[in-house]
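The values are calculated or read from the model by the stated rules, or taken from the named source; none is laboratory data. Fair warning: this is a prediction, and the values are worked out from it, not measured in the lab. In this analysis, Cβ positions are derived from the backbone assuming ideal geometry, glycine residues included, and neighbour counts consider all displayed protein chains. Areas reflect the complete protein model, heavy atoms only, side chains present, ligands, DNA and RNA absent. Shrake-Rupley method; radii C 1.70, N 1.55, O 1.52, S 1.80 Å.
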Amino acid sequence: MVKSTKRILALLLCMAFIFSFSACKTTPTDDTSKDTSGTVSGGDAAPDVPANRRDASARTGKNENTPLVLSSGTMDGKFNPFYATSQYDVDVMNMTQLTLITNNENAEPVAGINEPSFAYSLKMTRDEEKDTSTYEFILKNGIKFSDGTPVTGKDVLFNLYVLLDPAYTGSSTLYSMDIQGLKSYRTQVIGEEAAIAKDSEFAKAALDRVKAVVNGTAPEEDKEASWEQVKAYITEDSGVLGGYLAQGYTLADFGVGSNWPEDFKAAAAILGYMGNITCTDGTVAAADTNVDLTKLATYTEEEAIELAYNYTKANMTIAEYDINYGWTVITDGKTEEASEASAMFEEFKKDESSSYLEANKGTVKSISGITLDKVTEDGVERERLTVVLDGVDPKAIWNFSFQVAPMAYYSTEELAAKADGTENFGVDFSSTEFQDQLKQKTLPMGAGPYVAADSAGNRTNDFDKYYSDGIIYYVANDDYCLAAPLIKYLRYKTIPLGNELAALESGDVHYSDPNATTDNINKIAGTKIKNILVDNLGYGYIGINAQLIPDLNERKAIASALDVTLALEYYSGGLASNIFRSMSKVSWAYPTDAKNMYPFDETGAASKEFFLASDKFKEVDGKVVKSDGSAVEYTFVLPSAASEHPAGAVFLQAKEVFVKIGVKVTIDTDDALLSKLEDNVVAVWAAAWQATIDPDMFQVYYSDDAENTASSPKAYGLYWLYDNGSEEEKAALKKLNELIIQGRKSLNVDERKPVYFDALDELMKLCVEIPTYQRKNMYAYDSEVIDGTSLWQNVTPYKSPIFEIWNVSFVLE
């Protein structure tokens, strides 16, 4: 799936960060029972498991006979390690899986005997002379899948070759890494240069087909395929909207309408988002004659999606849909021109290459940059996976956090039997039929802590017994490498979004993640339901467009009138904290000693001083005016009413401060704000980013448009400022760009940290983004059922209370 930053999530989700590597090597620290007196081969060596590993005999009382019930949103039923898409399906599937590497609570990649990873250790080296990066994974001995068969390097290779296959259409982007020999393998052309030329040939043919769709000259088959992609994206948007509305957001938070009725049903949210219906000051109207307003409360999500799709198809082109809704079906989401960044380009390219690849299958049998051999350490022989990349990519390490799924289960019997780890890997190259059979295996199996079961707790291979009436059934995998799970039976139960606390209170579930609101916290105060708060990865900010407000001192004057502490009133009860740099506070790149670079001054004196430091302003009778004597006026824009937005109070206070020095501020509400940010028509606004982990700032803040094609810098006027700013601003941008590139050239967190500390300071000096707040998320559990001390204690956004589910226990009498 290819998409740009979606308009629906522009308020909450934009900077796509991923994990980065923190040290050159991670090795086990605990002793094992292996024999080190001489070399022991992998098959004979003791299992690489923790010393005194817990077995099933430790399970007693309720842990032995009572199921632990976790809540889940609506699942799609695709519990496949290669093709699961919804987060709910991924959470369910992960209970059965073991990944190659994992992460700790600080978002650092780890491997070892005490880690839920198949890698015994991981190491990365950088060769500056050859410009290559090498990743080395020593694999554990003696680990078993839940069916008792051994996990081996061949299983790791199987997973890699599935994910790197040209016919693979899942969500993994592991194929985007510059692995040596990968282009030759995917094009079946010997030699990298020839492979690149052949790939360009496929790309040209695919782009021509996309252009035909844009121009309306494409065959009906290509047109319909493109519209089906539109429907898929509308469906995805519907799911995202429904989830956020159930958590207390309104469509107004996404720049759509105002004052939507409180009982507006989440299932019908897509109708408002796509324009079928509108709402002004609480009055809902139908723009689409096919919508029956009397049925808004009863439309199913499927019915609403169908109406939204039909309305979209009748009222706009696919290119217009891309631009209006931030997707990339046939364009890059910025212009109406055909683009290689589009989803259909990828689909057409696969189609164009399929016949060639079938005819030339076997020309390149393997990927030269991926090898499996054996190595001896401390007298024990283990398998070693080595992957060599051209160049350097700090984000690449986390592409190796894939699940090590069993080849014997997910491949075919014939292909698995032929797998030798050198030329055959259990995968039928570029075969749609092979990928289709893999997709059908929706009952998950792996080396994780739990195994698919029926309602009675018996292992099962029957999907309908495993997933029945919205409930997933598991039984413990007592051969799990870290320990036999304390609780034998585990279930996931589907709970409608917004009903999580009610389900906890009634005992339907024992653990959930309701929305962190003051009402919810007050509701459970003093009850058996206990909560755990953790920082959300994202943060709120106020943006200032430097192209529309080109004077640096003028931007500083605005910043000095912003009391960012007022944003916390929206998240009362300690549900948010202030933030002073453009980075999530939970990131290792956030400076722990960061302070507000532009302290709030309620007298207006600081703002006046900055104004008067510019020759564009002067003081008349104690008031600030422009140098020509005209009034100074600004419009601050919110996507919803000030009372409904965290920055509303900040803007209202700034308005009062500016009155004191003769400056007028108008606070405007624009439900289309987020779609206008890159059009250079909004000078000052408030929104939020959703970060994940890696601090790479390139896409959003790198200001040379000859190298950065992303649209985010336009919102801040950074591309314009790079060419037209003052010497001071140009120097700051140059330094910022250099730091951003420097941060991308290292794979070591300790080396990258000071780079990002400096980069964040340089960005603040430009005064185009004023960070405001970072809110909390919440986990909740029934303390009369779950022993709170058995949950993971050092909770972060990267490690939840049930991250180590195998150690969770009931309260035992």
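Scaled to the globular estimate 2.2 N^0.38 Å, the Cα spread of the chain, given as radius of gyration, is 0.99. Please tell me which of these pairs span more than 25 angstrom C-alpha to C-alpha: Lys183/Lys223; Lys231/Lys334; Lys361/Lys418? Over 25 Å apart, Cα to Cα: Lys183/Lys223. Long hydrophobic helices in the chain: the complete DSSP H runs spanning 24 Å or more by Cα along their own axis with mean Kyte-Doolittle hydropathy of at least -0.5 are 192-215, 749-766. The string of couplings for region 777-787 from the Karplus curve (6.51, -1.76, 1.60, θ = phi - 60°) is 10, 9, 10, 9, 8, 7, 6, 7, 10, 9, 6 Hz, one whole number per residue in order, with x for Gly and Pro. Per residue of the chain, the DSSP helices (runs of n ≥ 4 H) give a summed -39500 (n - 2.57) that works out to -9000 deg cm²/dmol at 222 nm.
Karplus-based coupling profile of region 402-410, in residue order and whole Hz: 6, 6, 8, 7, x, 4, 4, 8, 8, with θ = phi - 60° in 6.51 cos²θ - 1.76 cosθ + 1.60 and x standing for Gly or Pro. What the chain shows is 40 Å² of accessible area per residue, with the surface traced by a 1.4 Å probe over protein heavy atoms. For Glu381, the amide hydrogen comes within under 5 Å of the amide hydrogens of Val40, Ser41, Gly42, counting only partners 5 or more places away or on other chains and with H modelled in the peptide plane. Charge tally for Val534 (other residues, Cβ to Cβ under 12 Å; Lys, Arg +1; Asp, Glu -1): +1. A DSSP coil position with no more than 16 other Cβ atoms inside 10 Å describes the following trypsin sites (Lys or Arg not before Pro) in region 564-617: Lys595, Lys616.
For the listed residue pairs Lys211/Lys676; Lys78/Lys123; Lys123/Lys734; Lys78/Lys204; Lys130/Lys374; Lys585/Lys734, the alpha carbons are over 30 angstrom apart in Lys78/Lys123; Lys123/Lys734; Lys78/Lys204. Nonpolar atom fraction for the chain, defined as the carbon and sulfur part of the 1.4 Å probe accessible area, stands at 47 percent. When you filter the GluC sites (Glu not before Pro) in region 403-492 for DSSP loop state and at most 11 other Cβ atoms inside 10 Å of their Cβ, you are left with Glu423.
Dipole size of region 39-179 about its Cα centre, with +1 on Lys/Arg Cβ and -1 on Asp/Glu Cβ: approximately 560 debye, rounded to the nearest 20. Sorting 153-163, 334-344 by their mean Cβ neighbour count within 10 Å, with the most densely packed peptide first, gives 153-163, 334-344.
For region 528-582 versus region 280-313, the inter-centroid distance based on Cα atoms is 35 Å.
Given the C-alpha centroids of region 616-680 and region 760-806, what is the distance between them in whole angstrom? A separation of 34 Å, based on Cα centres.
Sites listed here are GluC sites (Glu not before Pro) in region 575-677 whose DSSP assignment is loop and whose Cβ has at most 15 other Cβ atoms within 10 Å: Glu602.
Since only Ser342, Thr422, Val49 are under comparison, the one whose Cα sits farthest along the positive direction of the charge dipole of the chain, derived from C-beta charges on Lys, Arg, Asp and Glu, is Val49.
Residues whose amide H falls under 5 Å from that of Tyr120, counting only those 5 or more places apart or on a different chain, are Ile138, Leu139, Lys140, with hydrogens built in the peptide plane. For the pair region 326-374 and region 63-94, the centres of their Cα atoms are 30 angstrom apart. For the listed peptides 524-531, 137-144, 378-385, a ranking on the average number of other beta carbons within 10 Å per residue, highest first, reads 137-144, 378-385, 524-531. In this view, the solvent-accessible surface of Trp260, computed with a 1.4 Å probe and all protein chains in place, comes to about 20 Å². Counting only residues at least eight positions apart within a chain, or on another chain, the lysines with an alpha carbon under 21 Å from that of Lys626 are Lys556, Lys608, Lys616, Lys618, Lys655, Lys660, Lys664.
Legend: residue pairs Lys198/Lys349; Lys714/Lys753; Lys144/Lys799; Lys439/Lys465, Cα-Cα distance threshold 22 Å; pairs beyond threshold, Lys714/Lys753; Lys144/Lys799. With θ taken as phi - 60° and the Karplus curve 6.51 cos²θ - 1.76 cosθ + 1.60 applied, the whole-hertz 3J(HN,Hα) list for region 327-332 is 9, 9, 5, 10, 10, 8 Hz, x standing for glycine and proline. Normalised by 2.2 N^0.38 Å, where N is the number of residues, the alpha-carbon radius of gyration of region 100-253 equals 1.47. Backbone amide hydrogens, once placed in the peptide plane, bring Ser430 within less than 5 Å of Ala167, excluding anything fewer than 5 places away on its chain. Per-residue accessible area (protein heavy atoms, 1.4 Å probe) orders Thr187, Thr217 as Thr217, Thr187, starting from the largest.
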